[in-house]
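Report on the following structure.
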Amino acid sequence: MLVAAAVCPAPPLLVPPVAAGAAGELADARTACSDALAVLAASRPDRLVVVGPADPGAGGPYPQGSRGGFHGFGVVSDVHLGRHPHPAQHAAQDPAQARPDAGRPLPVSLAVAAWLLAHTAWSGAPVDGLGVEEPLTTADCLATGRELAARAERVALLVMGDGSACRTLKAPGYLDERAEAFDAAAAHALAAADVAALAAIDPRLAAELKAAGRAPWQVLAGAAEGAGLEGRLLYEDAPYGVGYFVAAWS
């Protein structure tokens, strides 16, 4: 059953070594992410699942200890999802973690999540990840969320993903007049832990607005069905013309 969730944006610029001189511009977002992760820790979950958007072919499960990095952004360092035990010890503790996909590099969204967890000193429940590809239908997202919530008696989710990327002329998707209303509706749904509103997000519109958070948010909606969680919006802004939100559900 889902007992808590944190929603965070997933730009690599959230990682200070990637942002370099611009690191201060997202300092408030990083602080809000730390606060949201504290809510997860306080919920004392049996398992934490990190859910984030993935490029085609990079979707699917990522076991604890999976490695990622930001080499494509000029940062030569690796991050690991959760604790990183010795491979032999890892396999002995949980044979399922020895799957072939354990060697796949993390999608960028999950690498950002791994950095956040490492830099908030996560020491709670075991952590694994799920990359969600954009074409996943709403029905499949909801079903995936239900499956995740049923994996343990107390499950927490860290959900990575951005809103629209079309808020300004210099945004990655240029300016789209629909973007502001889309983001406002998403922010309201995340603030209110409104499962129905998240499930109602139009995948086609989200894709047109380059809102990478749509599928992960709808996985959250499926996981939260019947959980009775309350939400708080901890951060909302659109730096660089992209909608970023941080929310905590408990």
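Please work out the Cα center distance from the stretch 182-196 to the stretch 200-250, rounded to the nearest Å. Between the Cα centres of the stretch 182-196 and the stretch 200-250 lies a distance of 7 Å.
Its Cα centre serving as origin, the stretch 110-184 has a Cβ charge dipole (Lys and Arg +1, Asp and Glu -1) of approximately 220 debye. A DSSP coil position with no more than 14 other Cβ atoms inside 10 Å describes the following trypsin sites (Lys or Arg not before Pro) in the stretch 170-250: Lys170, Arg178.
Length gained on full extension, Glu25 to Glu147, computed as 0.36 nm times the residue gap minus the Cα-Cα distance: 40.2 nm. Each residue of the stretch 16-26 is assigned a 3J(HN,Hα), and the resulting list reads x, x, 6, 6, 6, x, 9, 4, x, 5, 10 Hz, derived from the Karplus form 6.51 cos²θ - 1.76 cosθ + 1.60 (θ = phi - 60°), x at Gly and Pro. The GluC sites (Glu not before Pro) found in the stretch 212-247 that occupy coil by DSSP, while having at most 16 further C-beta atoms within 10 Å, are Glu225, Glu230. Normalised by 2.2 N^0.38 Å, with N the number of residues, the alpha-carbon radius of gyration of the stretch 138-240 equals 1.09. Beta bridges per DSSP, both residues in the chain: antiparallel share near 45 percent.
Computed over the alpha-carbon pairs of the stretch 190-250, the distance histogram in 5 Å steps reads 4, 17, 26, 26, 18, 7, 1, 0 percent, short to long. Only Lys, Arg, Asp and Glu carry charge here, each on its Cβ (+1 for the first two, -1 for the last two); on that basis the chain has a dipole of about 560 debye about its Cα centre. Kindly provide the GluC sites (Glu not before Pro) of the stretch 150-188 that DSSP labels as loop, not H, G, I, E or B, and whose Cβ sees at most 13 other Cβ atoms within 10 Å. Sites meeting the loop and neighbour criteria: Glu153, Glu177.
Taking amide hydrogens as placed 1.01 Å from N in the peptide plane, the amide H of Glu133 sits under 5 Å from those of Ala54, Gly60, each at least 5 positions away in sequence or on another chain. Karplus-based coupling profile of the stretch 126-134, in residue order and whole Hz: x, 10, 9, x, 9, x, 10, 7, 4, with θ = phi - 60° in 6.51 cos²θ - 1.76 cosθ + 1.60 and x standing for Gly or Pro.
We did not get these values from a lab; they are worked out from the coordinates using the rules stated. Here the structure is a predicted model, which means the values were calculated and not measured. Cβ atoms come from the backbone with ideal geometry, glycine included; neighbour counts cover every protein chain shown.
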